[in-house]
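S.K.: The structure is given below, and queries will be raised subsequently.
Every read-out reported here was derived from the displayed coordinates using simple, explicitly stated rules and does not represent laboratory data. All values reported here derive from a predicted model rather than from experimental measurement. Here Cβ is always computed from backbone atoms with ideal geometry, including for glycine, and neighbour counts include all displayed protein chains.
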Amino acid sequence: MQQSSKKILSILACASMLVTASVTITNNSFSAKQTQTVKAATVAPRSYGVDVSAYQSSSVSSSAKFAIVKVSEGTSYRNPKAKAQIASAKANGMMPMAYHFALFGANSTQAVAEAKYAVASAKAYGLTSGSYIACDWETGDGNNVNGGKSASAKAIIAFMKQIKASGYKPLLYSGASLLNNNINTSAVTAAFPNSLWVSSYATMGRIDTPNFNYFPSMNGVIIWQFTDNWRGLNIDGNISLLPLTTSSSSTAASSQAPSAGSVTAKKTVMTKSKIYNSEGVFTGRYATTYKTYNIYGGAVMINYTSYYRVGSNSYIKLANIDGVKRVLKSSTTIFNNKGVTTSTSPVASGTTVVTYGGQRTINGVKAYRVNKNRYMAASAF
């Protein structure tokens, strides 16, 4: 995040969805026009976002669905490009958010002063109340990260409480290592559930799509920054794990998700799926493949895994409904459950494809489901 002190951590690019040759793929083109219809007040789980500072352009024109703009640092620095970057995000249909680079370390009094400065900066640059403001707490520019886990968490919570009291939604950004070793993170998430924006990279260098095998296992994560060089653009990439919402009347981080008692969507289960309870324990029941279920509230995290609630104390893994994005390493055809090719032409290498469920064997070939009775060879990914 901080250009002068990159960590081995995260980014993610957003993709426009279309259906081609009976398979859902993502369009990798970078166009501002693609985001014109995005409702900036709501961003769905598994959406891509970027974060920017004075090191990036004033124009935030990507296919991401949210942009997190650095507005301030300490109590004396403001990003001179923030106003233009927030305006550009709005113009391109993206949800604008803000972050403040913390210098308060474990000092709660200084944390409150910095939070007030962050809010004043965000307001001056056009970020409306009810939007997210993240505390970027990491090494660099003199921020002391060795003040003790409890004292550091206390100061961070003081910052976040001031953000909330000012009418904004607080988040905490940091690297996975600092969250695990330098902050009493459980105290932060107890005060502000689902408020973590964590940075953790599978590797340095270009990353186009996140590899969830490298997702840092911790509760309370709402955004994952998975690269500092998304698609070779030298810009941080992020992915949302839970719904992102802005509201002028609701500022608590714990209220970010829709009401758990309301039906917010209808979604189709794309593969045989176990049904779990609220503690992540298998109930012995299965969801019917290709059946459409009511989704109550938004995505929820249970034991580091995203789920949708489909009934009373009944949860299905989000990946079995929304799928998992994978990139083709070689061109391949689409076939049905008999092994008969159904596509008129191969799907090109480099295409991002949504797959559902684990691998299955069809006529001796290991394959992923990519749509109803449509499969691709697993070896192509």
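S.K.: Residue pairs, Cβ under 8 Å, 6 or more apart or interchain, first in the range 211-230 and part of a helix (DSSP H, G or I), second not aliphatic (A, V, I, L, M). List them.
M.R.: Sorted first by the residue in the range 211-230, then by its partner, the pairs are Tyr214/Ser200; Tyr214/Tyr201; Tyr214/Phe226.
S.K.: Could you check the range 344-372 and list, in sequence order, the residues that are buried (at least 21 other Cβ atoms within 10 Å of the Cβ) and assigned to a loop (DSSP other than H, G, I, E, B)?
M.R.: none
S.K.: Quick one: which residue in Asn336, Asn313 is within 30 Å of Thr245 (Cα to Cα) and surrounded by fewer than 16 Cβ atoms within 10 Å (Cβ to Cβ)? Give the steps one after another, and end with the answer.
M.R.: Numbers: Asn336 fails: within 30 Å of Thr245 (Cα to Cα).
The match here is Asn313.
S.K.: Closer than 30 Å to Ala319 by Cβ, of a type in the set (D, E, K, R), touching a residue at least 24 places away in the same chain (Cβ under 8 Å) and in contact with a helix residue (DSSP H, G or I) (Cβ under 7 Å, 6 or more places away or on another chain), is that true of Lys116?
M.R.: For Lys116, the condition - closer than 30 Å to Ala319 by Cβ, of a type in the set (D, E, K, R), touching a residue at least 24 places away in the same chain (Cβ under 8 Å) and in contact with a helix residue (DSSP H, G or I) (Cβ under 7 Å, 6 or more places away or on another chain) - is not met.
S.K.: Please work out which residue is farthest from Asn107 (Cα to Cα), limiting yourself to the range 150-160 and to residues that are buried (at least 17 other Cβ atoms within 10 Å of the Cβ) and not β-branched (Val, Ile, Thr). Show your work before the answer.
M.R.: Looking only at the range 150-160, we keep the residues that are buried (at least 17 other Cβ atoms within 10 Å of the Cβ), and these are 152-160.
Subsequent filtering for residues that are not β-branched (Val, Ile, Thr) retains 152-155, 158-160.
On the way: Ser152: 7, Ala153: 10, Lys154: 8, Ala155: 6, Ala158: 9, Phe159: 10, Met160: 13 Å.
Out of the qualifying residues, it is Met160.
S.K.: Still on this structure, I have one more. Checking Lys123 against (1) touching a residue at least 12 places away in the same chain (Cβ under 8 Å); (2) over 30 Å from Ala202 (Cβ atoms); (3) surrounded by fewer than 21 Cβ atoms within 10 Å (Cβ to Cβ); (4) over 22 Å from the mean Cα position of the chain (by Cα), which single condition isn't satisfied?
M.R.: Exception for Lys123: condition (1).
S.K.: If I ask for residues that are assigned to a loop (DSSP other than H, G, I, E, B) and in contact (Cβ under 8 Å) with a residue 40 or more places away in the chain, which ones from the range 166-202 would you list?
M.R.: Filtering the range 166-202 for residues assigned to a loop (DSSP other than H, G, I, E, B) gives 166-168, 182-184, 192-195, 200-202.
Hits for the range 166-202 are Ser166, Gly167, Tyr168, Ile183, Phe192, Pro193, Asn194, Ser195, Ser200, Tyr201.
S.K.: Could you list, in sequence order, all residues of the range 65-78 that are closer than 14 Å to Ala122 by Cα and either buried (at least 24 other Cβ atoms within 10 Å of the Cβ) or within 19 Å of the chain's Cα centre (by Cα) (or both)?
M.R.: Ala67, Ile68, Val69, Lys70, Val71, Ser72, Glu73
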